[in-house]
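The values are calculated or read from the model by the stated rules, or taken from the named source; none is laboratory data. Everything quoted here is computed from the prediction, not taken from an experiment. Neighbour counts run over all protein chains shown; Cβ positions are idealised from the backbone, glycine included.
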Amino acid sequence: MLADTDVGSVITAGQSGVQWGYRLLLLQFVLMPILFMVQELTVRLGIFTGRGHGELIRETFGRFWAIVSAAGLAVATGGALLTEFSGVAGIGELYGVPRGITLALAAVALLLVVITGSYRRVERAMIAIGLFELAFFYVAWAAHPHVGAMLHGAVDIPFASKGYVYLAAANIGAVIMPWMIFYQQSAVADKKLRPEHYAAARWDTAIGAVITQLVMAAVLIACAATIAPHQPNASLDTIGEMSQALTPFMGGTAGRLVFSLGVLGAAMVAAIVASLALAWGVGEVAGYRRSLELRPLEARWFYGVYAICVVAGAVLVAFWPNLVSLNVGVQVMNALLLPLVLGFLIALAVRALPDAHRLRGPYFWLVVVVAGLTTALGVFGGLQGAGLF
């Protein structure tokens, strides 16, 4: 679940820290149980039905709704890939490497990781790469945040501000992503986890939710403690701008290297996950063979869609570098998709699961209320921030 903290998430957390100090810090911790609640349902569905998310929607609600869900997935995946490759390009440019070369190397690496490996090998590679994201904890520590200021800012919540609510929506969308839901359920099904693995999978999901949000909090704290007091109007639309603003407070070259590794880990893992999510999602609707356990020649469409995602994302960012300014907007778009995404997820948990594991009783109402409030804040913040009301 480290893929939940992608480049867009890093920039959103950074913007939150610069513009609002620690005022969005509490939200990062509030989102921990919400993220677990959402991802636990995907694990439950994957284990007890053995179906991917799109496949289960098609079987339960029909092909039309499966196509609608896949369309939402495609939009979210496209936005995610633009942010991931913009992050990779930004890191290359920090060290004087032209974006074309950086993006080409990244695309080749992403293709080789998936095309040459089984699910287990791909998973191990993603974990190894994703561990670099833990570098953000060092970034937060190096910022020397003031604990009193953190506690005071965390409870100072200016809900009357449109800008604040807009960034709150972006933070929600940076955590609950459509492609992550598709990926996790499909990956669990592809891995063929059995009911006896459910307890361990829940623990994995809980730990992942905590680490994900701690990474987001670390980035926010670092920017709030360093950039906000000195450059409160700083623009952090790109990874390069964020690195340049943070470097003076992180110890120069060493700090920049640590930050770069964190961003690369976030970008590469999320690019793999988002691309696989779309390859699985489209396959579950279209019906083509799809599994990381199959060789490329045995699942041409599956690997072909994955390759198209990777290559298209790299090419678009290489030729239209101004797309990086969409980073925060992409997270808001994810928030606007929440009614569709969480609506299907809860409906499947009610209708598609076996009776013994179906969502019902008090926990059902808890999930409905929490999902409803989260969706309402995400949609309201996104629309209000866009000036639609």
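Points to keep in mind about this one:
- Selection within segment 322-377 - more than 19 Å from the chain's Cα centre (by Cα) and either of a type in the set (D, E, K, R) or in a loop (DSSP other than H, G, I, E, B) (or both): R351, A352, L353, P354, D355, R358, L359, R360
- Per-region count, segment 245-265, residues at pLDDT below 75 and out of contact with any Ser or Thr (no Cβ under 7 Å at 6 or more places or on another chain): 8
- Hey, T102 buried (at least 21 other Cβ atoms within 10 Å of the Cβ) and free of Cβ contacts under 8 Å to residues at least 40 places away in the same chain or not: yes
- Of all the numbered requirements in (1) in a helix (DSSP H, G or I); (2) of a type outside the set (A, V, I, L, M, F, W, C); (3) modelled with pLDDT under 85, H144 misses one, and that requirement is (1).
- Search result, residues across segment 253-301 that are surrounded by fewer than 24 Cβ atoms within 10 Å (Cβ to Cβ), of a type in the set (D, E, K, R) and in a helix (DSSP H, G or I): R256, E298, R300
- Within segment 331-343, the set of residues being within 15 Å of M37 (Cβ to Cβ) and touching a residue at least 24 places away in the same chain (Cβ under 8 Å) comprises L338, V341, L342.
- Top-ranked residue in segment 160-187 [being surrounded by fewer than 22 Cβ atoms within 10 Å (Cβ to Cβ) and among the aliphatic types (A, V, I, L, M); ranked as modelled with the highest pLDDT]: V165
- Residues in segment 40-50 include at least one that is assigned to a helix (DSSP H, G or I), among the acidic types (D, E), at pLDDT 95 or above and out of contact with any His (no Cβ under 7 Å at 6 or more places or on another chain).
- Scan of segment 1-27 for residues that are of a type in the set (S, T, N, Q), outside any loop (DSSP other than H, G, I, E, B) and within 22 Å of A274 (Cα to Cα), ordered by number: S9, T12
- Selected residue (only one of V75, V68 is closer than 15 Å to F344 by Cα, out of contact with any Gly (no Cβ under 8 Å at 6 or more places or on another chain) and assigned to a helix (DSSP H, G or I)): V68
- Between I47, I34, I11, the distinction of being closer than 23 Å to V269 by Cβ and in contact with an Asp or Glu (Cβ under 9 Å, 6 or more places away or on another chain) belongs to I11 only.
Residues checked against (1) buried (at least 22 other Cβ atoms within 10 Å of the Cβ); (2) under 17 Å from A199 (Cα atoms); (3) of a type in the set (S, T, Y):
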site: T5; (1), (2), (3): yes, no, yes
site: S16; (1), (2), (3): yes, no, yes
site: L24; (1), (2), (3): yes, no, no
site: Q28; (1), (2), (3): yes, no, no
site: E40; (1), (2), (3): no, yes, no
site: T49; (1), (2), (3): no, yes, yes
site: G52; (1), (2), (3): yes, no, no
site: E55; (1), (2), (3): yes, no, no
site: T60; (1), (2), (3): no, no, yes
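- Inspection of segment 304-314 finds a residue satisfying the criterion of being under 30 Å from G17 (Cα atoms), modelled with pLDDT of 90 or more and crowded, with 24+ Cβ neighbours inside 10 Å.
- Hey, G361 more than 28 Å from F48 (Cβ to Cβ), at pLDDT below 95 and of a type in the set (G, A, S) or not: no
- Among the conditions (1) assigned to a helix (DSSP H, G or I); (2) modelled with pLDDT of 90 or more; (3) over 19 Å from the mean Cα position of the chain (by Cα); (4) within 14 Å of S260 (Cβ to Cβ), the only one that V139 does not satisfy is (2).
- Single match in R202, R194 (criterion: of a type outside the set (S, T, Y), over 22 Å from the mean Cα position of the chain (by Cα) and either under 30 Å from R58 (Cβ atoms) or loosely packed, with under 15 Cβ neighbours inside 10 Å (or both)): R194
- Counting the residues of segment 196-228 that are within 13 Å of G21 (Cβ to Cβ) and among the hydroxyl-bearing types (S, T, Y) gives 1.
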